[in-house]
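One structure is given below, encoded as structure tokens.
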Amino acid sequence: MSIAHDTTAPEHVRRFRLVRGGRRGEDRVVAEPPPKQVLLSPRSARWLPSLGAALGPSYRVVLETHDTPAAIVIDSREDALAELVQQQRSTTRIIVVHTGHPSEQRMAAAELLDLGADAYLAPAALPALAAHLKALTRSWAAFPPRPEPGAARAG
């Protein structure tokens, strides 16, 4: 008889890290925050394994979620591109990645940014995309939430 172990961590497992020393020289264990979710649009799903590896264990790349993701990556060739950008919550960072030929671009980068996208990358290698995701999701204070659609703008 053999025992097989699942090497993938279930979602309810919490990670901890050891902090050596301190004021009294005592070690302590600190709970790490749960991984930030990055949602991929249907056409960007092909990046799932390699983007997850590029982001590392602090991020979880998913194709579906019921939670509010930290970021969403949208392929510029999505059929419902404008709707995908507009339906995201203000705390979700939106990155549109231009793929394909320039003639396949449905909307100009400026239009997408006006709709609420936080970044437009044309074209991007996965390490560059991972770096943008990390920068945009690093701190809510550095990148405050966007105003909700329809909210009055001061000016």
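The values are calculated or read from the model by the stated rules, or taken from the named source; none is laboratory data. A quick note: this is a predicted structure, and the numbers were derived from the prediction, not measured. Backbone-built Cβ (ideal geometry, glycine too); neighbour counts: all protein chains shown. Keep in mind that these areas ignore ligands, DNA and RNA; they rest on the heavy atoms of the full protein, side chains included. Shrake-Rupley method; radii C 1.70, N 1.55, O 1.52, S 1.80 Å.
In table form, for the structure just shown:
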read-out: Region 87-106 - residue that is open to solvent by less than 40 Å² (accessible area, probe 1.4 Å) and touching a Ser or Thr at 6+ places or on another chain (Cβ under 8 Å) and, of those, farthest from R138 (Cα to Cα); value: T99
read-out: Filtered residues of region 51-77 (kept if surrounded by 18 or more Cβ atoms within 10 Å (Cβ to Cβ) and acidic (D, E)); value: D75
read-out: Single unsatisfied condition, A124 versus (1) open to solvent by less than 50 Å² (accessible area, probe 1.4 Å); (2) modelled with pLDDT of 80 or more; (3) of a type in the set (G, A, S); value: (2)
read-out: Enumeration of residues in region 49-60 that are more than 23 Å from L112 (Cα to Cα) and among the aliphatic types (A, V, I, L, M); value: A53, A54, L55
read-out: Number of positions in region 20-42 that are closer than 30 Å to V97 by Cα and among the basic types (K, R); value: 1
read-out: Total residues in region 37-50, condition open to solvent by less than 70 Å² (accessible area, probe 1.4 Å) and of a type outside the set (V, I, T); value: 9
read-out: Residues located in region 34-50, provided they are assigned to a loop (DSSP other than H, G, I, E, B) and without any contact (Cβ under 8 Å) to a residue 24 or more places away in the chain; value: P34
read-out: Residue match in region 11-32 (condition: modelled with pLDDT of 85 or more and either touching a Gly at 6+ places or on another chain (Cβ under 8 Å) or of a type in the set (G, A, S) (or both)); value: no
